[in-house]
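Since the structure comes first, as structure tokens, the remarks are kept for the end.
Rule-based calculations on the coordinates, nothing more; no lab input. Remember, predicted model here, so these are calculated numbers, not experimental data.
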Amino acid sequence: MPVNKIEGTFNVKDASIGIVVSRWNSFITERLLEGAVDMLKRHGVDESRIDVVYCPGSFEIPLVTSRLAEKGRHDAIICLGVVIRGATPHFDFVAGTASRGISDVMLKYQIPIGFGVLTTDSIEQAIERAGTKAGNKGGEVAMTVLEMISLASQIDSM
Ligand code: INI
């Protein structure tokens, strides 16, 4: 029996995207940011429609994302940060607050939010995911939000 298949595309050229990026471990978060912006531009998103907001650490990402989402200016927000287990005894608090807070904001404001906060055991693992042997998580997350913008708009018009 034929079904109605609803699936996101990556054809959302007019999208307006906010990016919240943590300065903690900035030599890695800057690579994630490059990966995200590069991917958005390669899918036709105009640079003038990308806003990049810097915050101190991953712990602060949920508040900054929430205040940005409240503005209603963006179709989606990408959150970028790096939390390294070995670097802090409060890894679980920082990583847990970031992931829970970001998903809370996504559900409250009903817009796609990409979770690009790396949580790794070592700095080497983080580097691997920021444009070296395991790809660039920033770029992957950018693809995810583009697909989600398209999917959300298709669901809205059902
Ligand atoms: N913030 C991070 O984004 N990554 C970390 O690895 C990290 N460590 O190691 O502590 C970190 N801490 C700062 C935290 O996000 C807050 O900025 C700080 O606690 C002030 O609220």
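Remarks
- Our coupling estimate for segment 68-76, obtained by passing each phi through the Karplus curve with A = 6.51, B = -1.76, C = 1.60 and θ = phi - 60°, is 5, 4, 4, 5, x, 8, 10, 7, 7 Hz, Gly and Pro reported as x.
- Residues of type lysines that Lys71 reaches as a straight line, Cα spacing below 29 Å, ignoring anything fewer than 8 places off in the same chain: Lys13, Lys41, Lys108, Lys137
- Put simply, the amide H of Val83, placed in the peptide plane, has neighbours under 5 Å in Leu118, Thr119, Thr120, leaving out anything fewer than 5 places away on its chain.
- Working note: Karplus 6.51/-1.76/1.60 with θ = phi - 60° gives segment 13-23 the couplings 4, 7, 5, 10, 10, x, 10, 9, 10, 7, 7 Hz, where Gly and Pro are set to x.
- The stretch between Leu107 and Thr9, if pulled fully straight at 0.36 nm per residue, gains 33.1 nm over its current Cα-Cα span.
- Remark on Val52: its backbone amide H falls under 5 Å from those of Ile19, a criterion applied only to residues 5 or more positions apart or on other chains, H modelled at 1.01 Å from N.
- Here the 3J(HN,Hα) profile of segment 107-112, calculated from phi with Karplus coefficients 6.51, -1.76 and 1.60 at θ = phi - 60°, is 6, 5, 9, 6, 10, x Hz, Gly and Pro shown as x.
- For segment 3-29 versus segment 55-102, the spacing of their alpha-carbon centroids is 15 Å.
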